[in-house]
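Since the structure comes first, as structure tokens, the remarks are kept for the end.
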Amino acid sequence: MSDRYGDFVQSSIGKKVAKNLGLPLPVTLDRFESGQPLVRGSVLIGSATGEDKRVGTSVARILSELHAEVFINNDDNVKDALADAGIEAKANTNTEDKFKVLLFDASNVRNVDDLKQVYEFFHQVARRVEKSGRVIVIGRPPEEEADIDAALAQRALEGFVKSVGKEFKRGITAQLIYVSAGAEQNLDSTLRFFTSARSAYVSGQVVRVQAGAEVAVDWAQPLGGKTMLVTGASRGIGEAIARVLAREGAHVICLDVPQQQADLQKVAGEISGSTLMVDITSEDAGKQIADAAEKRGGLDAVIHNAGVTRDKTLANMDEQKWDMVLNINLASIAKINRYLFDHYVLKADARIVCVSSISGIAGNLGQTNYATSKAGVIGLVDATAKQLADNDNGMIINAVAPGFIETQMTEAIPFAIREAGRRMNSMSQGGLPIDVAETIAWLASPASGGLNGNTVRVCGQSLLGA
């Protein structure tokens, strides 16, 4: 769908007009391209002083594997970890140097005074981040800190990161990764995602990395040999998910209702996947999925993407519109998951990713049914994650919550409301279906075993909600 205003401000005249009038200035976001380096520029890394070197050691190893060009300030802690990983870091002495990634290890921040080190690191380079750059802070989960001073200092990082995401503009994203002590080896997939162009429309997010199985992955084809099912795969976000999972090496079972057979077969044919025509609200939906999965030895991932809207204010909403949205968007997911668990359709270390919505977090006018269903999806993920954490099967479940994504659905929104949805985020533009798909591919990766119970917003850091 065309964003005419966004195209206009890319021109020299449009940019000047928008700047003079104080209008939003969206930039063209860098997005992932096969064959391009994961980190398209240099990395400046820093660390709070302290005795715990585990995060720094893991980060150094990952940057070494990415062959990133790394710069440091006068920080012996970071220098030692980088040297041990075989990285000869350059000194940040030229104030003209620009950086694609600013990465700060705040795991040793233990009190309010220690927060000053976060300020000092970012203050001096806040104007030296490249367009579509990345700001990443790594800390410890505050709920796991027994000391009150440490807990409040770590929780304070969230306010810092979200503010940076709103300040830096120019397509620059900011994220906070809380990694549990002892889970540093599970940082790989998350750090690779957030340093790369795959996370173009994800900003202001707080992700928790916990202990999980350490898995060797071929990063050129991280989903190679995996079988993954995507519901609602015939078009829009579902189609993008199917294509990205296939690009990463997975065999994708593309599921949709029989009415979408032609579109579904087209998508599946182009990605060498298979098709499954099923109404997910039917009584035997779980069995039909299980039968299709059995032919491939079970499922490595299920992506619950299918959903509908039937918008009306509550006073004008009939019972049918309420029931349809709740049954498709929420009840079907719970029922299918239950069947897959009970009949051992999911393999060990399987991934479940549910598509929620920013409406389920912030609510939305005329969408009580939709917001209820999507908030329920987050509740389902939270509850299921706790159960999976107690089992020794390596399975995880997470959710993504898209904001304004350019699809046929948003194209039907009235012009004024559509423009407001596009601009009311830190990127001042709508996202693309591939932005949701890239996020799901990260969560579905075999290397993402440390991620369980997260809800990640793909909304350009929308001004609505948390």
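The packing ranking of peptides 93-101, 429-437, highest mean first, is 429-437, 93-101, where packing means the average number of other beta carbon atoms within 10 angstrom of each residue. At an R0 of 45 angstrom, the distance between the Cβ atoms of ASN111 and ALA213 translates into a FRET efficiency of 0.85.
Rounded to the nearest 5, what is the percent of antiparallel bridges among the DSSP beta bridges in the chain? Antiparallel: roughly 0 percent of the beta bridges in the chain.
A cut-off of 5 Å between modelled amide H atoms, ignoring neighbours fewer than 5 places along the same chain, links PHE99 with VAL129, GLU130. Going from the residue with the fewest nearby Cβ atoms within 10 Å to the one with the most, TRP442, TRP322, TRP219 rank TRP219, TRP322, TRP442. Stretching HIS343 away from THR28 to a fully extended chain increases their span by 108.8 nm, per 0.36 nm per residue minus the current alpha-carbon distance.
The equivalent ellipsoid that matches the C-alpha gyration tensor of the range 31-209 spans semi-axes of 22, 18, 17 angstrom, in descending order.
Using a simple spin-label model with pseudo-atoms 7 Å out from Cα toward Cβ, SER64 and ASP392 lie 3.2 nm apart. Working from the Cα coordinates of the chain, the gyration tensor eigenvalues give, after taking √(5λ), semi-axes of 36, 27, 21 Å in decreasing order.
Compared with the dominant Cα axis of the chain, that is its longest principal axis, helix 368-389 is turned about 70°. Principal axis extents of the C-alpha atoms in the range 227-458 (largest first, rounded to whole Å): 49, 38, 36.
As I understand it, the value is the acute angle between the Cα axis of helix 332-342 and the longest principal axis of the Cα atoms of the chain; what does it come to in degrees, rounded to 10? Long axis of 332-342 versus the principal axis of the chain: about 80 degrees. As a proxy for reagent exposure, HIS123, HIS251, HIS343 were ordered by neighbouring Cβ count within 10 angstrom, fewest first; the result is HIS123, HIS343, HIS251. Translational diffusion coefficient of the range 141-198 (Stokes-Einstein, Kirkwood radius from Cα pairs, 25 °C, 0.890 mPa s): 189 µm²/s. For the range 348-466, the Kirkwood radius over C-alpha pairs fed into Stokes-Einstein at 37 °C and 0.692 mPa s yields D = 219 µm² per second. Each residue in LYS374, LYS295, LYS335, LYS266 was given a count of other beta-carbon atoms within 10 angstrom of its own, and listing them fewest first yields LYS295, LYS266, LYS335, LYS374.
A short reminder: the numbers here are calculations on the coordinates, not readings from a lab. Keep in mind that this is a model prediction, so the values were computed, not measured. Virtual Cβ from ideal backbone geometry, glycine too; neighbours counted across all protein chains shown.
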